[in-house]
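Contents: one structure, followed by commentary.
The values are calculated or read from the model by the stated rules, or taken from the named source; none is laboratory data. What you are looking at is a predicted structure, and each value in this text was computed from that prediction instead of being measured. Heads up, the Cβs are rebuilt from the backbone with ideal geometry, glycines too, and the neighbour counts pull from every protein chain shown. These area figures cover heavy atoms from the full protein model, side chains too; ligands, DNA and RNA do not enter into them. Shrake-Rupley method; radii C 1.70, N 1.55, O 1.52, S 1.80 Å.
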Amino acid sequence: MRKKILLIDDDEDLLRSFQVILESSGFDVIASNEGKNGFIILKKDKPDLLVLDVMMSTKLEGYDMLRVIKNEPEYKKMPIILLTGMRDQLEIDLLSALEDELLFPNVSLQDKPIDPHILVEMIGDMLKGYDNA
Amino acid sequence: MEKKLIPAHIHFVKWFIRIRWFAVFILIISNYIVKHLFNISIQEIPVYILSMILFALNVLHTIILRRITKKESSKTILIIKQEIHFQILTDIIILTLILHYSGGIENPLILFYFFHLIIASSIFSTLKSYLYVAFTILLVALLATFECYSFIPHYNMEGFVNHELYKNTLFVFGTGFVFTCTSILVVSLSHMIISRSIKSEETYVKSNIELENKDKLKNEYVLRVTHDIKGHVAAILSCIEVIRSKIAGPLNEVQEEFANRAFERTELLSSFVKNLLNLTKKRLKHDSELEEFLFGDLINKVVNPIQILARDRSIDFNIYVDKSIQMITGNPLAIEELYSNLLLNAVKYTPPHGHIALTVRNRYNDIITEISDSGIGIPKEELPKIFDEFYRGTNVPKDIKTGSGLGLSIVKQIVENHNGKIWVSSELGVWTKFTFVLPKNPAIIS
């Protein structure tokens, strides 16, 4: 069965190109350029993995969304790739919280810009790990 | 602003104290010589006692200064000025007492007041300087008139001054008048000269601070702009990638060629933007967190990929790292970047079958690194410019792809952020050598 990926990023060009590349790599991709819809899509389409841009229109939109998702038992273990352009400007406690496996299991932090092929590889690895678990 | 002026004040007080040690020494020696070699009748014992008091006071001044320097605050300059008041006042009083025991107004030592008046006028406001003049004149007048009218004893300097000048009212008032005029003249002159130089120093410090602030603003601006550009470039890159990787369908030869050209240029732009962002962040010290780490581990990590690269190009890579270097403090990511930037450059600009060498030595609190290569070298007239932003060597062959021109600026910024120093020397077409010193703990030195 094809794996379903939810892509959330406010840069439409990036979103669209990632969508095409991921689709060509054999994933089903749902793309959204708004965090708000993300949650609805999550409930409706039940993706296997989420790629989330943390710096969306408001500064903490991405994090807030991550927090809400990870608080739901249903999504606790869902693999999430966080794309961030300003890793070194994050507050230290936020960064260490993100890297904490217990608080946020199966979250991987990735600096932007990311090479699409590396993203494909990462998604593959994370899904493999998730399936094995 | 105030803070930047503290070191100058402390330096001044130190100098003042040092001069006083010297004065105490000269006082004791000359007291002995005058009394025993020239047989001039001065009150030897009181002068020795006064020298000792001056000595004790100077010890006190030293202790006070040490206290002041230990805890700097916004009031430091004020406290230092009070301490200088204390020093000048006690000096003037002791000088008056010494004069009293060694001939009073007849003693040429009376000229020594002028030193203190000059010092006071160089530090304090016009009003305070003239108050010092008034105080000094008062002391001298009291000393001279009291001795003249025998309210206090006069100690003759027999063998030096043979007339009883101190009783001659004309001499006393004449000397007093000249002394007064000279005091006022000295203070007004030195005050004018010194306040000018202080003003220019203050302007200098002020404009320096302004420049620093402006530079910071500029860097913050560059950071914001580059950040935006980075986002756009990333989007362009991944859009071109869709075409280039033929996901959307086959391309003919020319289409593919141009997609590749566009992709490569955008990739160059992307790495340039990344470097500029990196440099600007370092300038703004956004990533200056220090930690302790094992130096040897870091070097191994850096050197391994370079060794492979050098072997591929048949370049001989010689490594010597002093084993006694253990833990050092710094930003490990930045230091890694520093070594790998310089080593990658060395490999890049060295033709096949050349040599590159990395030498790291341990010296007290520093580590000294030399990275040399037998590469294309740097033209002599370009050596001072190589750490400048966007510098690219004019002698780089066409087939070597130059980078963003920011690599060495980043290198220099990393060394400076760690309170280190870097030099370069080179012979065109023969060799290049980078030498840098890093303190093992940058925090201690600053």
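Every condition in (1) without any contact (Cβ under 8 Å) to a residue 60 or more places away in the chain; (2) surrounded by 14 or more Cβ atoms within 10 Å (Cβ to Cβ); (3) of a type outside the set (Asp, Glu); (4) assigned to a helix (DSSP H, G or I) holds for B:Phe293 except the one numbered (4).
Can you find a residue in the stretch B:19-34 that is charged (D, E, K, R), in contact with a helix residue (DSSP H, G or I) (Cβ under 8 Å, 6 or more places away or on another chain) and surrounded by fewer than 17 Cβ atoms within 10 Å (Cβ to Cβ)? Within the stretch B:19-34, not a single residue is charged (D, E, K, R), in contact with a helix residue (DSSP H, G or I) (Cβ under 8 Å, 6 or more places away or on another chain) and surrounded by fewer than 17 Cβ atoms within 10 Å (Cβ to Cβ).
Of B:Val187, B:Val178, which residue is under 30 Å from B:Gly103 (Cα atoms) and touching a residue at least 24 places away in the same chain (Cβ under 8 Å)? Reasoning before the result, please.
Details: B:Val178 fails: touching a residue at least 24 places away in the same chain (Cβ under 8 Å).
Answer to the selection: B:Val187.
Listed residues B:Ile414, B:Ile371; which is touching a strand residue (DSSP E or B) at 6+ places or on another chain (Cβ under 7 Å), hydrophobic (A, V, I, L, M, F, W, C) and either more than 25 Å from B:Gln307 (Cα to Cα) or modelled with pLDDT of 90 or more (or both)? It is B:Ile371. Here's a check for you: in the stretch B:34-49, which residue that is among the aliphatic types (A, V, I, L, M) and part of a helix (DSSP H, G or I) is modelled with the highest pLDDT? Checking each candidate, the answer is B:Ile49.
Is one or more of the residues making up the stretch B:189-204 touching an Asp or Glu at 6+ places or on another chain (Cβ under 9 Å) and either within 14 Å of chain A (Cβ to nearest Cβ) or open to solvent by 70 Å² or more (accessible area, probe 1.4 Å) (or both)? Scanning the stretch B:189-204 turns up no residue that is touching an Asp or Glu at 6+ places or on another chain (Cβ under 9 Å) and either within 14 Å of chain A (Cβ to nearest Cβ) or open to solvent by 70 Å² or more (accessible area, probe 1.4 Å) (or both).
B:Thr266 satisfies every condition listed in (1) open to solvent by 40 Å² or more (accessible area, probe 1.4 Å); (2) under 30 Å from A:Phe27 (Cα atoms) except (1). Filtering the stretch B:227-261 to residues that are over 23 Å from A:Gln19 (Cβ atoms), more than 13 Å from every other protein chain (Cβ to nearest Cβ) and aliphatic (A, V, I, L, M) leaves only B:Val254. Determine whether the stretch B:144-162 contains at least one residue that is under 21 Å from B:Gln43 (Cα atoms), surrounded by 12 or more Cβ atoms within 10 Å (Cβ to Cβ) and small (Gly, Ala, Ser). Yes, because at least one residue in the stretch B:144-162 is under 21 Å from B:Gln43 (Cα atoms), surrounded by 12 or more Cβ atoms within 10 Å (Cβ to Cβ) and small (Gly, Ala, Ser).
Scan the stretch A:43-61 and give yes if some residue there is surrounded by 13 or more Cβ atoms within 10 Å (Cβ to Cβ), within 19 Å of A:Leu127 (Cα to Cα) and at pLDDT below 85, otherwise no.
yes
If you go through the stretch B:385-408 and keep only what is free of Cβ contacts under 8 Å to residues at least 12 places away in the same chain and over 21 Å from B:Arg265 (Cβ atoms), you end up with just B:Lys385.
Select from the stretch B:61-83 the residues that are closer than 22 Å to B:Tyr132 by Cα and open to solvent by 50 Å² or more (accessible area, probe 1.4 Å) and list them in ascending order.
B:Leu78, B:Ile79, B:Lys81, B:Gln82
Of the candidates B:Gly176, B:Gly231, the single residue that is among the small types (Gly, Ala, Ser) and closer than 30 Å to B:Leu268 by Cα is B:Gly231. Applying the criterion of being within 12 Å of the chain's Cα centre (by Cα) and in contact (Cβ under 8 Å) with a residue 40 or more places away in the chain to the residues of the stretch A:5-44, the residue that is nearest to the other protein chains (Cβ to nearest Cβ) is A:Asp9. Taking the criterion of being assigned to a strand (DSSP E or B) and open to solvent by less than 20 Å² (accessible area, probe 1.4 Å), the residues of the stretch B:390-446 that qualify are B:Thr432, B:Phe434, B:Phe436, B:Leu438, B:Pro439.
Take B:Ser245 and decide whether it is on the phi < 0 side of the Ramachandran plot and either open to solvent by 40 Å² or more (accessible area, probe 1.4 Å) or under 41 Å from the mean Cα position of the chain (by Cα) (or both).
Working: on the phi < 0 side of the Ramachandran plot: yes; either open to solvent by 40 Å² or more (accessible area, probe 1.4 Å) or under 41 Å from the mean Cα position of the chain (by Cα) (or both): yes.
So B:Ser245 passes the test.
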